[in-house]
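**Student:** Got a structure here, written out as structure tokens. Questions coming.
Read-outs throughout are calculated quantities, based only on the coordinates presented, and are distinct from any laboratory measurement. None of the values given here were measured: they were computed from a predicted structure. Cβ atoms come from the backbone with ideal geometry, glycine included; neighbour counts cover every protein chain shown.
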Amino acid sequence: MNAPTCIPGLFLCRRAQIMKKPTSKGSKPLARPRGASGNASDQVVRTRRKLATARRELGTLYVALDSLKTGLLLLDGDLRAVYSNPALREIFKHLSPEQIRKERPPYRSMLEAAVTDSRVKLDDYVERRLAWVRAGDPTPMDIPMSDGSVLRSQLATLPGGGRMLIFSDVTDIVRAAEEMKRLATIDGMTGIYNRRHFLLLADHEWKRTQRSRRPVAFLMIDIDHFKEINDNFGHEAGDRMIVHLANLARDCKRESDVLARIGGEEFALLLPETTLDQAMMVAERLRQQVLSSPLTETSPAICASVSIGVAADDDVMRDVSDLMKAADQALYCAKRAGRNRVLCSVAGAAAPPLQAVAAKATELPGEQQPLSAASRDR
């Protein structure tokens, strides 16, 4: 039996008729595959949803940042302000957060406005701040304000080259740190350096003079008969006498000299750029000043004197402790020689001989006893 003959034209016509045949009532037409226009429409919808979500998240973030008590400033890659919170306005009294978001001012103009308004007191404030922000330096920077407060500014680098600056008031912290430093370096009673800090400064000065081959001298000062002052006039009078001597010694020294209380009634005075002869003149001037300046805060006024040992550096000394030991030995000898005098150590021997400037210094009445000014005048 022969195979049926295929007629191509007839087959195509029949197929077309089948494709055009209407569907029965109630049936759905075949779904057409989605094209490029459908995909684009879905993409627009998804993008709008993401933008709406981002706006809500940004609004939430702004609310949170606005509630911070620390000042906050955001800069874009061109260092123009794009956001600030209300706390920043309270600090610098310049643009409001709304103005900053609307105008986006350059950071330089904000710095210049702060200087113009006298909110800060740094001569090079603008250039220093700009260099710091450009460098993205994370090291905090303290800003002294004209009202006496201190702001601490911290910097963070953001993606795209932006910057985030945080400003917080650290006045209490800075003042507490300064007070701790003061307590660690200053004698609480007299307001001059204490022994510990004096030794650090003296060692530093000794090393400097050794490098430069410049002279340095040292005075060891002690109030004569201090125990008798406490016994006869009370410990409060003794404390006032210590403060009185500190004030007299402060008036006799130069700005470069280093004065300290290193014991109960004992003081030290370091004299940079000073020879032994010059140091002896300083010591004698101080001795005479104390003798002629009774303590008048008490009733009756109290007269006192001081003994002073003087030493200057020489080739035998190895460090500042040798200088202090030489002056201390001179002070000991001044005490044994009758007090109220200046003696110095002379270089050239393991046990330096002593030389007196005031060998016949005025002695207090009653040999060793301090008296009130009224008693002395009788």
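**Student:** What is the order of Met180, Met189, Met220, fewest Cβ neighbours within 10 Å to most?
**Tutor:** Working: Met180 10, Met189 13, Met220 26.
By the 10 Å Cβ count, ascending: Met180, Met189, Met220.
**Student:** Measuring from label point to label point, each 7 Å out along Cα→Cβ, what is the Thr70 to Arg104 span in nm?
**Tutor:** 2.7
**Student:** With a/c under 1.5 counting as rounded, go ahead and sort the stretch 58-173 into rounded, prolate or oblate using the C-alpha gyration tensor (a ≥ b ≥ c being the square roots of the eigenvalues; past the cut-off, prolate if a/b is larger than b/c, else oblate). Walk me through the numbers on the way to the answer.
**Tutor:** Details: a/c = 1.38, a/b = 1.22, b/c = 1.14.
Here the stretch 58-173 falls in the rounded category.
**Student:** Related question: Cβ neighbours within 10 Å, averaged per peptide: list 330-339, 265-274 in order, most packed at the top.
**Tutor:** Values: 330-339: 19.3, 265-274: 21.9.
Order by mean packing, descending: 265-274, 330-339.
**Student:** Also: Taking Cα pairs under 8 Å and at least six residues apart, what relative contact order does the stretch 58-173 come out at, in percent? Numbers along the way, then the final one.
**Tutor:** On the way: 191 pairs, mean separation 29.0, N = 116.
It comes to 25 percent, rounded to a whole number.
**Student:** Determine the gain in length on full extension of the stretch Lys207-Ser256; use 0.36 nm per residue of separation and subtract their C-alpha separation, reporting nm with one decimal. Could you put the intermediate results ahead of the total?
**Tutor:** Numbers: separation 49, 0.36 × 49 = 17.64 nm, distance 1.55 nm.
Length gained between Lys207 and Ser256: 16.1 nm.
**Student:** Report the one residue of Pro215, Ile173, Gly191 whose Cα lies farthest in the direction of the positive end of the charge dipole of the stretch 151-246 (charges on C-beta: Lys and Arg +1, Asp and Glu -1; origin at the Cα centre).
**Tutor:** Working it through, the farthest residue towards the positive pole turns out to be Pro215.
**Student:** Turning to a different aspect of this structure: Within 10 Å of each residue's Cβ, count the other Cβ atoms and sort Cys303, Cys344 from fewest upward. Each step should come with its number before you reach the end.
**Tutor:** Numbers: Cys303 22, Cys344 27.
So the residues, fewest neighbours to most, are Cys303, Cys344.
**Student:** Can you put Asp222, Asp315, Asp169, Asp142 in order of Cβ neighbours within 10 angstrom, beginning with the fewest?
**Tutor:** Values: Asp222 21, Asp315 6, Asp169 18, Asp142 11.
Placing the least packed residue first, the sequence is Asp315, Asp142, Asp169, Asp222.
**Student:** Past 27 Å, Cα to Cα: identify those pairs from Lys69/Lys181; Lys227/Lys325; Lys181/Lys207; Lys253/Lys325; Lys50/Lys102; Lys50/Lys93, in the order given. Walk me through the numbers before you get to the answer.
**Tutor:** Values: Lys69/Lys181 29 Å; Lys227/Lys325 24 Å; Lys181/Lys207 24 Å; Lys253/Lys325 21 Å; Lys50/Lys102 24 Å; Lys50/Lys93 37 Å.
Long pairs (Cα-Cα over 27 Å): Lys69/Lys181; Lys50/Lys93.
**Student:** Assuming R0 = 35 Å, can you tell me the calculated FRET efficiency for the pair Tyr332 and Thr185, based on Cβ-Cβ distance, to the nearest 0.05? Display every interim value, and only then the final one.
**Tutor:** On the way: r = 28 Å, r/R0 = 0.80.
After rounding to 0.05, the efficiency reads 0.80.
**Student:** Counting pairs of alpha carbon atoms under 8 Å apart in space and at least six apart in sequence, what relative contact order in percent does the stretch 164-246 give? Before the final figure, lay out each step's value.
**Tutor:** On the way: 27 pairs, mean separation 18.4, N = 83.
Answer for the stretch 164-246 is 22 percent.
**Student:** Taking 7 Å along the Cα-to-C-beta vector as the label spot, tell me the Arg55-Glu297 distance in nanometres, rounded to one decimal.
**Tutor:** Between Arg55 and Glu297, the label points sit 7.2 nm apart.
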